[in-house]
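The values are calculated or read from the model by the stated rules, or taken from the named source; none is laboratory data. This one's a predicted model, so the numbers in the text were calculated from it and none came from an experiment. FYI the Cβ positions are ideal-geometry reconstructions off the backbone, even for glycines, and counts take in every protein chain you see. The accessibility values were calculated without ligands, DNA or RNA, using every heavy atom of the protein model including side chains. Shrake-Rupley method; radii C 1.70, N 1.55, O 1.52, S 1.80 Å.
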Amino acid sequence: MLATLLSNIHVLNLVKGTLNDGKTKMVCMPGLNCYSCPAATGACPIGAFQAVTGSSKYSFSYYISGILIFLGVVFGRLICGFLCPFGWFQDLLYKIPTRKFSTKGLTYLRCFKYVMLIVCVCILPVLMTNDSGMGSPFFCKYVCPQGVLEGAIPLAIAKESIRSSLGVLFSWKAGILAVVVVLSIFFYRPFCKWICPLGAFYSLFNKVSIYHYQLDKEKCISCGKCSRTCQMDVDITQKTNHAECIRCGACIKACPAGAITANWNHRQEQK
């Protein structure tokens, strides 16, 4: 919640229907937070990256890449667990009291977010550019439900001119948002698990990030509570820093032997 508020501190803009155009918009927030949200403090890393991916002559693209790599190396998918507004939104939806379903039998769908990262964020903006050499932000434009939730809907509510201009593209993305909302009520973080290219990017750094989990195998009693507790379908006893682990801490709390720890120090050999 705190990360969402810090990523959207200009709350009065929601009423006015205007965007923050301050210098902070040149800085990327760590989580998925739409640039077009009236309250947005900064830019979305995926939106900023793909907006300039199609033209390597822009030094700004290296700046964005550097920020993303730095965040990944330091935090890994801890960002997904605690610093992403859309992740928090899904958490809230999952708290709605109703029957819940496991995603353990759907782990093959994890691959789709890497497809989104490679195709929509990297390849298409490079191959399909305008006369100025700029790539179109395909993920933001055609897929991202956060853009509708934080950008289109608040702006449409505040301004009649925007409401009257909404068309097929808005309906398409609103449909994606509706599907994600419904799925999030019954499944834990489906967007994070299956679709989010930002999560896919950060997952590449989970094995090497400064913030990491460690398992003391001498303390581990093989009770299985950690894997049963994990809603990201990770068995930390098999792979301590799994790409899907969002470092939420549920396994640490569940472990009766205190065998799992979170560390910022240098990695050590597993005992």
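Arrange the residues H242, H10, H212 by how much accessible surface each exposes, largest first, with a 1.4 angstrom probe.
Final ranking, largest accessible area leading: H10, H242, H212.
If you take the Cα Rg of the range 74-155 and divide it by 2.2 N^0.38 Å, with N the number of residues, what do you get? Can you show the working numbers first?
Details: Rg = 16.3 Å, N = 82, 2.2 N^0.38 = 11.7 Å.
Expressed relative to 2.2 N^0.38 Å, the Cα Rg reads 1.39.
Of the residues W88, W172, W194, which exhibits the maximal mean-square fluctuation in a Gaussian network model of the chain defined by a 10 Å Cα contact cut-off?
W172
Find how much the distance from V179 to T229 grows on full extension, using 0.36 nm per residue of separation minus their present alpha carbon separation; answer in nm with one decimal. Write down the numbers at each step before the final one.
Numbers: separation 50, 0.36 × 50 = 18.00 nm, distance 2.56 nm.
That works out to 15.4 nm of additional length.
Report, in debye and to the nearest 20, how large the dipole of the chain comes out about its Cα centre when Lys and Arg carry +1 and Asp and Glu carry -1 on their Cβ. List each step's numbers first, then the result.
On the way: 27 positive and 11 negative charges, 112 e Å.
Roughly 540 debye, rounded to the nearest 20.
K16: which lysines have alpha carbons under 22 Å from its alpha carbon, excluding same-chain residues fewer than 8 sequence positions away?
K25, K159
Which helices of the chain meet both criteria: a Cα extent of 27 Å or more along the helical axis and a mean Kyte-Doolittle score no lower than -1.0, with helices taken as whole DSSP H segments? Please list the in-between numbers first.
Details: long enough: 168-186 (28 Å, 2.31).
Counting only whole DSSP H runs, the qualifying helices are 168-186.
Quick check: with the 1.4 Å probe, what order do K207, K100 take by accessible area, largest first? Write out the running numbers ahead of the final one.
Working: K207 130, K100 65 Å².
Ranked list, largest accessible area first: K207, K100.
Given contacts defined as C-alpha pairs under 8 Å and at least six residues apart, what's the relative contact order of the range 126-271, whole-number percent?
That works out to 20 percent.
What does the C-alpha gyration tensor say about the overall shape of the range 204-271? Classify as rounded when a/c is under 1.5, otherwise prolate if a/b is larger than b/c, or oblate. Mind showing how you got there, number by number?
On the way: a/c = 1.79, a/b = 1.20, b/c = 1.49.
Oblate, since a/c reaches 1.5 and b/c is not below a/b.
Taking only C-alpha pairs under 8 Å that are 6+ residues apart, what is the relative contact order of the range 1-109 in percent? Walk me through the intermediate numbers first.
On the way: 120 pairs, mean separation 28.7, N = 109.
Computed value for the range 1-109: 26 percent relative contact order.
Do the sum for the chain: with -39,500 (n - 2.57) for every DSSP H run of n ≥ 4, divided by all residues, what is the mean residue ellipticity at 222 nm, to the nearest 500 deg cm²/dmol? Walk me through the numbers before you get to the answer.
On the way: 15 runs with 114 residues, N = 271.
Helices in the chain give a 222 nm mean residue ellipticity of -11000 deg cm²/dmol.
So which lysines can K104 reach, going by Cα to Cα under 29 Å and dropping same-chain residues fewer than 8 places off?
K104 reaches K95, K113, K173, K193, K207, K217, K219, K225, K239, K253, K271.
Would you look at the GNM of the chain, springs on alpha carbons closer than 10 Å, and say which of G81, G249, G258 moves the most?
G258
Shape verdict for the range 155-198, please, from the Cα gyration tensor: rounded (a/c under 1.5), prolate (a/b greater than b/c) or oblate. Kindly include the intermediate steps, with their values, before the conclusion.
Working: a/c = 2.80, a/b = 2.48, b/c = 1.13.
Judged from the Cα gyration tensor, the range 155-198 comes out prolate (a/c at least 1.5, a/b above b/c).
Only Cα pairs under 8 Å and at least 6 apart count here; give the relative contact order of the chain as a rounded whole percent. Numbers along the way, then the final one.
Details: 469 pairs, mean separation 61.9, N = 271.
Rounded, it is 23 percent for the chain.
With a probe of 1.4 Å, find how much accessible area the chain has per residue, and write the answer as a whole number in Å². Could you put the intermediate results ahead of the total?
On the way: 13580 Å² over 271 residues.
For the chain, the per-residue accessible area is 50 Å².
Return the carbon/sulfur percentage of the accessible area of the chain, one whole number, probe 1.4 Å, all protein chains in place. Let's see the in-between values first.
On the way: 9150 of 13580 Å².
Carbon-and-sulfur percentage of accessible area, whole number: 67.
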